[in-house]
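The values are calculated or read from the model by the stated rules, or taken from the named source; none is laboratory data. The structure presented is a predicted model; accordingly, all values stated were derived computationally and were not measured. Methodologically, a virtual Cβ is constructed for each residue, glycine included, from the backbone with ideal geometry; neighbour enumeration extends over all protein chains shown. Please note that ligands, DNA and RNA were not included when accessible areas were found on the heavy atoms of the full protein model with its side chains. Shrake-Rupley method; radii C 1.70, N 1.55, O 1.52, S 1.80 Å.
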Amino acid sequence: MTTSPVDRAADQFVTALAHWRVERGMSKKQLAARMGFDPSYVSHVEGRRHKPTEDFARRAEAVLGAGGLIWQRFQEYDELRHARGVALHRDPPVPVQWLPPGTGLIVEHEIAELVYTEGAYRCRVTRALYNAGAEPVSRYLMKITVDRYPHDPAGSNRHHREHPLTFEELDLEAHAGEGDAIERMQWRVKLDRDASKEIWLLFANERGQFPLYPGDRTTIQYAYTVGEEKWGQWFQRAVRLPTRRLTVRLDFPIDFDPQVWGVETSLAAEAPVRSPLERHNEDDRAVFEWSTDQPTLNARYRLEWRFRGIGAPRYDEFAPNGAHPRKSQQLRGIGIVQRGSDLLRQRARHFQLPREESSARETVEALLGSLTRLEELHDFSKGVGLAAPQIGRSVAAAVVRPAELDASPIVLLNPRIVGESLERDEQYEGCLSFFDYRGLVQRPLRIDVEHARYDGTRMITTFDRAMARLVAHEIDHLEGRLYVDRMHAESNLVPVANYHQTGRPWAY
């Protein structure tokens, strides 16, 4: 028995809803209560006895914090059902500011600014707060974390053990209120570690307490300083409270010739921030600014940079053993998802062709654009491939460029290996999502791959030797597998600094 696209989309919505409900440890009745619905309503939706509405989807996403997945599945379902004329009228619009019952503090606008001046970074965060709960708020938790070498955890941990962050150097100050009603906030330490601090900012000082009561608003601002020898080249904001708008601003000397990019990490994926950073110059300063509305709860937004100007601080000035920046840092900077992201462990969704032809073409264009940027960073003498999950898209598309520089990239849509030779060989492979190491991997010397054209027709292409290895590597990505999964148990990864075959093609 076949099902319609609308039914399949509804099933996918229900599957996402049930998955995240279980992930959050809630029963159907508990979720319904948090969403403000009748106790049996979630059960009816999951049982397909009630159709999901926009109101229901928004509330489920807000309560479960699914990284936007529940809302995305509803939108896919909603578009299909209206395209097929299943419903005559759309659901009435739902206020986007709906919050689950019992929501406490929310951030109406956060402005986080990082300024470099004379060997130190000064961070200043301003938050407009609203108490949407039922109890007065008497304290606010802030966190300070440094990571001098984010792509070298062992080196970073060693560095911060030897050079711990101290409260004396932070020069922390905090205030609440606006205009003539500004009050200094006292603070109390919750956690004190070498590379991180957690601090309660108190709505109190020597003059008394000034709690934020239900229904009231205020603005808090706090600032602290960290030296460049402890602060890595990144600035991250984590969304821990419901937030309506987030603005991040970086302020550097223009002589440093700063280059800045942004990465968004959610429960579902890691990808470049969805809107570009804006830059403007103010006298001798270069100011970068980025904003987003309705950021997803638990998402992290990370701005990274490098300085190219003479006299600017260098990444390796304080690096252990004089280490240089890792290539993976550059790849992350142009939007290549790195090992550790859940997206690289998920099986990519196949395109429904030809219905999704435009989406498939857009994905391939994005892959080719990323491939062009990659070839500006590195000489891929063995050829190079890139799969859609590596640029933050869990769909079955990949591009592979042969070793010959004048060769056109091969496009693979919905590929699967349908045949392979018994003859195999072992070669060292690298991966754009794990670029600082190489590993010895055995693969067949010939594979037969069935893949799709944009019009949905299928074809089979045979690939030999180097191309067979490149294509098989990318198909592994689309199946949620990395090359390290295919290494023998006794094989060891080789740091790229010790790998002596860079710039040479594979030998056969």
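Structure summary
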{"item": "Cα-based Kirkwood hydrodynamic radius, segment 129-216, one decimal, Å", "result": "15.1"}
{"item": "Nonlocal amide H pairs with Arg438, under 5 Å, H built at 1.01 Å", "result": "Val494, Val496"}
{"item": "Lysine pairs in the chain with Cα atoms under 26 Å, if 8 or more residues apart or on separate chains", "result": "9"}
{"item": "Spatial separation of Cα centroids for segment 1-61 and segment 450-471, in angstrom", "result": "39"}
{"item": "Alpha-carbon centroids, segment 109-138 and segment 333-390: separation in whole Å", "result": "36"}
{"item": "Entry for log10 I(q)/I(0) by the Debye sum over Cα atoms at q = 0.10 Å⁻¹ (calculated from the structure that is shown) out of [x] -0.73; [y] -0.81; [z] -0.97", "result": "[z]"}
{"item": "In segment 207-280, trypsin sites (Lys or Arg not before Pro) in a DSSP loop with at most 15 other beta-carbon atoms within 10 Å", "result": "Arg207, Arg240, Arg274"}
{"item": "Shape of segment 191-250, Cα gyration tensor, a/c cut at 1.5", "result": "oblate"}
{"item": "Gyration tensor (alpha-carbon) shape descriptor, segment 362-489, a/c threshold 1.5", "result": "rounded"}
{"item": "Electrostatic dipole magnitude of segment 1-68 [Cβ: Lys, Arg +1; Asp, Glu -1; Cα centre; debye, to 20]", "result": "180"}
{"item": "Spin-label pair Asp192/Lys143, simplified geometry with 7 Å Cα→Cβ offset, distance in nm", "result": "2.0"}
{"item": "DSSP-assigned coil residues among GluC sites (Glu not before Pro) in segment 474-508, each with at most 10 further Cβ atoms within 10 Å", "result": "Glu490"}
{"item": "For segment 152-193 and segment 229-246, distance of Cα centres in Å", "result": "14"}
{"item": "For segment 140-271, the fraction of alpha-carbon pairs in successive 5 Å shells from zero, as %", "result": "2, 7, 15, 18, 18, 17, 12, 7, 3, 1"}
{"item": "For Ala120, distant residues with modelled amide H under 5 Å away", "result": "Glu228"}
{"item": "Per residue, in Å², the accessible surface of the chain once ligands and nucleic acids are set aside, probe 1.4 Å", "result": "49"}
{"item": "Portion, in percent, of the accessible area of the chain that falls on carbon or sulfur, probe 1.4 Å", "result": "47"}
{"item": "Cα gyration tensor, segment 337-381 - rounded (a/c under 1.5), prolate or oblate", "result": "oblate"}
